[in-house]
1. Under the condition of being surrounded by 18 or more Cβ atoms within 10 Å (Cβ to Cβ) and within 18 Å of R204 (Cα to Cα), which residue from region 214-236 is modelled with the highest pLDDT?
2. Looking only at residues in region 99-126 that are under 15 Å from P166 (Cα atoms) and either over 15 Å from the mean Cα position of the chain (by Cα) or of a type in the set (V, I, T) (or both), which one is modelled with the highest pLDDT?
3. Restricting to region 169-195, name every residue that is closer than 30 Å to I143 by Cα and either modelled with pLDDT of 90 or more or in a strand (DSSP E or B) (or both).
Amino acid sequence: MGEPMIEVYSWRPIPPRGLRVTVSADYDKTAYVYWGDNTGRSNPIQPGKSHTNTYAEVGTYRIRVLSPYGDVLGDESVTLRPAISPLFAFAQGPETNWLVEVRFFAEEDDLPLARFRIDWRDGKPDSVRDYWAVPGTTARRPIPLSAGVDHHTVIVRDLVSKQGYPVSIPLTLPSYDPDFTLTADGSDPTGRSVVLTATDAGGRELDAYWGDASVATRLTSGQARHTFHEVGTYLVQLADVSGGATAGKSVTIPIEEGSS
């Protein structure tokens, strides 16, 4: 009497062109797979074990799973598509509110839509979201992070291949060329106090060096104030603490109203 038609196996794609068939541990016999290409029949697969076939090309293949007696346990078409993988990039807004980007790419441009689930891991009720993705798709989400945090982990899961991508990504600031203006501090009638304002500072840590004997001043909200004790001309410099570039400008004290 033939083996009953029961589901005794599972399969999943192994990018870029592999297919893995696993025989259920509850099935008490070996099974064979016909892969639908020119490789013929697999070696016997023991219960709880797997066998992977690598195809020459992506495409749709008819796989047939048979019992040792030739009974058909499964007969279905399986479509292998090129792997879509996430690329991760971080764009920066204010220091504590990073814009996280997940970009998808694939081996072929004509890849059909694929379904992905992203866990942004930001603690919000909608942290886990599903996306349709084709090559070039970008998913973005602002994520509030504490100042000084240097990495964040998101999880991307391909809902077709069931593969997950937990990735811990360094948070790096884009390159920055410091620039600033120097203006008179209106609260000092002597003209010896100046206000330095950085241009497009974002959340970067910047230090102002005043060119006198004083210590550097860390900018707060993109600004710093300083009072010179002597009249004269000073070279004021603004430095990116992270190791970026330094900009310098000369200022003559007493400073004139409206100077920059």
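1. Taking region 214-236 and keeping what is surrounded by 18 or more Cβ atoms within 10 Å (Cβ to Cβ), we get 219, 224, 226, 228, 234, 236.
The next check asks that each one be within 18 Å of R204 (Cα to Cα); those that pass are 219, 224.
Numbers: L219: 88, A224: 93.
Step by step, filter region 214-236, then rank; the result is A224.
2. We begin by selecting, within region 99-126, every residue under 15 Å from P166 (Cα atoms); these are 100-104, 116-122.
Next, only the ones that are either over 15 Å from the mean Cα position of the chain (by Cα) or of a type in the set (V, I, T) (or both) stay: 100, 102, 118.
Details: V100: 75, V102: 75, I118: 85.
Step by step, filter region 99-126, then rank; the result is I118.
3. From region 169-195, those closer than 30 Å to I143 by Cα are 169-180; that's our starting set.
Across region 169-195, the qualifying residues are I169, P170, F180.
The values are calculated or read from the model by the stated rules, or taken from the named source; none is laboratory data. Keep in mind that what you see is a predicted model, and the values were worked out from it rather than measured. Every residue, glycine as well, gets a Cβ built from its backbone with ideal geometry; the counts of neighbours run over all protein chains shown.
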